[in-house]
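Below: the structure, in structure tokens.
Values quoted throughout were computed directly from the atomic coordinates according to the rules given, and no laboratory measurement underlies them. Fair warning: this is a prediction, and the values are worked out from it, not measured in the lab. Every residue, glycine among them, receives a Cβ derived from its backbone with ideal geometry; neighbour counts consider all protein chains shown.
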């Protein structure tokens, strides 16, 4: 927890964190990359001001919510002494690098994780009551609502819904509910909650769906298998979840825990784990699958694995592994570990030095008559906009992103602009949009004698729209 607090209050925003924060400053029905719920909530917490605390406050709120649900499970898994089950669950969960990282930074995943465990809890309470002869469908509809919120957070929340459907089919004691209209009505409630996303896409030519189905893969649906992608995916899963929990997962698959709530939760957790893992595994054969795409697969397993991992040495290795990764991430809040090794990790390095860049941009705005500030990539634009507290900073890039829906090029023809670029996202593409592009200065960021990151500021004279753009 100390490492999480340090990262929260010290590490500058990652590019995507700043990007999503700026979404919250521009409320809309939905957004290009993701559904809108997370952005809406960031817009609400921005009332606390622009600070690292307000930026990451939501991650702490959803973490506490997740741990509270784990407590409710611990009271059912170990009624006589819930603390003896809950504390190992918390340790197991937070020592997984995947969940340490994704419950600290404010990507959409922290909210999705909480909604996954909250949905599962509502469904398990319903199943518990149904098996006892009580037809209390309110918990089933609550599960449908929270499921709807999870898909309104991130599209892979739909994998949770598929896992729930499989649960009704394979868990005999609740199979009879499929002969009633209630599970279908609850599913319709969750689907109806996607109306804002559908409305936005109807008005924007189904841009989000096109992006995720084809555009992000080069404009077409990939059909050629790539075995290397599968191996990379498995290695990433092993390292990010922790190699020391997978034997316990296999043990949970082979054998129930032997208590009613535990075995009911086991079936649900394995249904969701199976659907999500199978889907992402198949995808990895054709496209690059990031480790966190399968994030819905594991959180429900954590409270159950706490009762499966019996060997002290396995616990010790898992905790040591998690603490080591947490320590490396903590060091990277001051200087990227890769920099100390003589290599450059752009994702981490590009988070440093933006207050200095923002100060120079503000000073240069006073020296030049400019119409707008732009950047050559969406992460750069987000970092500049966040540091300047200016949601009007835009990007001009060949990559389709949310800024395309905020920036109206025709309104800026003839204007001069300040352009922020770096060595990864240079000015080759953006240069065609100006009569002249002049390098004004570089703003290198150094720490402990190491050069970490060097963004550049250009003056673009005479903005124009290329004929073929």
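Worth a mention:
- Note on the chain: antiparallel DSSP beta bridges, both residues inside, total approximately 70 percent of the bridges counted.
- Given their separation in residues at 0.36 nm each and the Cα-Cα distance between them, residue 26 and residue 131 gain 33.2 nm when the chain is fully extended.
- At R0 = 22 Å, FRET efficiency that the Cβ-Cβ distance of residue 224 and residue 246 yields, to 0.05: 0.15
- Note on the range 3-74: Kirkwood hydrodynamic radius from all Cα pairs is 13.2 Å, rounded to one decimal.
- Spatial separation of Cα centroids for the range 353-404 and the range 450-469, in angstrom: 10 Å
- Extension gain, residue 212-residue 165: 0.36 nm per intervening residue step, less the Cα-Cα distance, totals 14.5 nm.
- Extension gain, residue 172 back to residue 51 (0.36 nm per residue minus Cα-Cα distance, nm): 38.5 nm
- Global geometry of the range 348-463, whether rounded, prolate or oblate, following the gyration tensor of its Cα atoms and the 1.5 cut on a/c: prolate
- Cα gyration tensor category, rounded, prolate or oblate, for the range 2-331 with a/c compared to 1.5: rounded
- For the chain: relative contact order, % (alpha-carbon pairs under 8 angstrom, 6 or more apart): 17 percent
- CD proxy at 222 nm, helix term only [per DSSP H run n ≥ 4: -39500 (n - 2.57); per residue of the chain; nearest 500]: -17000 deg cm²/dmol
- Degrees, to the nearest 10: 52-77 long Cα axis against longest axis of the chain: 10 degrees
- When each of the peptides 78-86, 242-250, 10-18 is scored by the mean number of other C-beta atoms lying within 10 Å of its residues, the order from highest to lowest reads 10-18, 242-250, 78-86.
- Normalising the average separation of contacting C-alpha pairs (under 8 angstrom, six or more residues apart) by the number of residues puts the relative contact order of the range 249-400 at 14 percent.
- Projected label distance in nm at residue 254 and residue 435, using a 7 Å step from Cα toward the beta-carbon: 7.5 nm
- Helix 260-284 and the longest principal axis of the C-alpha atoms of the chain enclose an angle of approximately 40°.
- Virtual paramagnetic centre 7 Å along Cα→Cβ of residue 64, amide N under 18 Å, in the range 108-138: 110-115, 118
- Taking the centroid of alpha carbons for each part, the range 307-334 and the range 1-45 are 27 Å apart.
- The range 26-183: C-alpha gyration tensor shape, a/c 1.5 cut-off, then a/b vs b/c: oblate
- Annotation for the range 227-252 versus the range 85-157: alpha-carbon center distance of 22 Å.
- Helix 82-94 and the long axis of the chain differ in direction by around 30°, with both axes built from C-alpha atoms.
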